[in-house]
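In what follows, a structure is listed as structure tokens, so that the remarks can point back to it.
Quick note: the coordinates plus some simple rules give every number you see, no bench work behind them. Given the structure is predicted, the values throughout are model-derived calculations rather than measurements. Glycine also receives a Cβ, built like all others from the backbone with ideal geometry; neighbour counts cover every protein chain displayed.
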Amino acid sequence: MEIWTKISKDEADEITDVVKAAHCAFWCEPETKTIRNTPVKAILMMQLRSDGLLGFPGGVVDVGETVLECLKRELREEMALDNARFPVGEDNWVCAHLRQTEQLDGSFKNTQLSHFFSKKLDKEVFYEIEKRQLEAEHWGYEIFGLIRAPVLEITTGSVAQKYPGRGFGWFLTQSFIHCAREQMAEMIIYEGILTKDEIDRYFEMSQNPELREKLINSSCLTENKTRK
């Protein structure tokens, strides 16, 4: 069993004996609309990882690296990011989460500390960085796709009326690596994109059992026939 807990910056700085990681959310306010004339509040840049899970650019701190040195290296490898042109620093820090892993005797041991950063971009720069990722060293090796997290809600139409949260609420049903879903929520609140009450509402909508049964990974029986 593993437990991820949000901790303060001061608490995170005191922890030295665990694996550390750093990731960053790049985002923009596009001032555009999607289907049914729905405003897009923000676009968050995410990645489809080689293990099939969703996450943010970044990775594990190597021996001898600081957290920010690690992040710069990972952003260069995974995004071909020009760190001099688009620097990520301490002022972009959002939150930290500590992983505790249950031991055989029932106790819990600190095993990983994950730092999370956020950087807002102009939409033109956001689009430029998206395209550049196709030239990154780890594209097609560690990173298998780009994802735009849809921070929006389509409220019109019979489907949206029956299953609220169409858009971001439904997006939360996806499979995220470790605490990436919680990091994303913290970042969205921190940046003022959505309120905590709005985030809580979307999380509640994502747990709708009927939504999962009828629309998301809905099961169907297929009769397999041998062709002669």
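Basic side chains Lys and Arg get +1 at the Cβ, acidic Asp and Glu get -1 at the Cβ, and with that the dipole of the stretch 84-160 about its Cα centre reaches some 100 debye.
Of the residues S114, S8, the one with the fewest other Cβ atoms within 10 Å heads the list, and the complete ranking is S8, S114. Quick one: work out the % antiparallel among DSSP beta bridges in the stretch 2-214, nearest 5. Bridges in the stretch 2-214 that DSSP calls antiparallel: roughly 75 percent. Once you treat every alpha carbon in the stretch 93-228 as an equal point and sum by Debye, what is log10 I(q)/I(0) at q = 0.19 Å⁻¹? So the normalised log intensities are -1.26. In the chain, helices alone account for a calculated mean residue ellipticity at 222 nm of -8000 deg cm²/dmol, with every DSSP H run of four or more residues adding -39,500 (n - 2.57).
Per residue, the convex hull around the alpha carbon atoms of the stretch 180-220 comes to 68 Å³.
The Kirkwood hydrodynamic radius of the stretch 91-156, based on inverse pair distances between different Cα atoms, is 16.0 Å. Ranked by the mean number of other Cβ atoms within 10 Å per residue, highest first, peptides 53-59, 173-179 order as 53-59, 173-179. Ranking of E31, E191 by neighbouring Cβ atoms within 10 Å, starting from the fewest: E31, E191.
Ranked by how many other Cβ atoms sit within 10 Å of their own Cβ, fewest first, the residues T156, T38 fall in the order T156, T38.
Computed from phi, the 3J(HN,Hα) profile of the stretch 194-206 under the Karplus parametrisation 6.51, -1.76, 1.60 (θ = phi - 60°) reads 9, 8, 4, 4, 5, 4, 4, 4, 5, 4, 5, 4, 5 Hz, with x in place of Gly and Pro. Compared with the dominant principal axis of the Cα atoms in the chain, helix 123-132 is inclined by about 80°. In the chain, inverting the average of 1/r over every pair of distinct C-alpha atoms gives 19.2 Å as the Kirkwood radius. Note on the chain: dipole from Cβ charges, positive end direction compared against C179, Y163, V61; the farthest Cα belongs to Y163. When the Kirkwood radius is taken over all Cα pairs of the stretch 138-216, what Stokes-Einstein diffusion coefficient follows at 25 °C and 0.890 mPa s, in µm²/s? Estimated diffusion coefficient is 179 µm²/s. If only the Cβ of Lys and Arg carry +1 and only the Cβ of Asp and Glu carry -1, the dipole of the chain around its Cα centre is close to 1380 debye.
A simple spin-label model places pseudo-atoms 7 Å from Cα toward Cβ; at K33 and K123 they are separated by 1.3 nm. Distance distribution note for the stretch 6-82: the fraction of Cα pairs above 21 angstrom is 45%. A simple charge model with +1 on the Cβ of Lys and Arg, -1 on the Cβ of Asp and Glu and nothing else charged puts the dipole of the stretch 171-215 at about 160 debye relative to its Cα centre.
Taking amide H positions as modeled 1.01 Å from N, with prolines and chain starts lacking one, the residues under 5 Å from L44 and 5 or more places away or on another chain are A149, V151.
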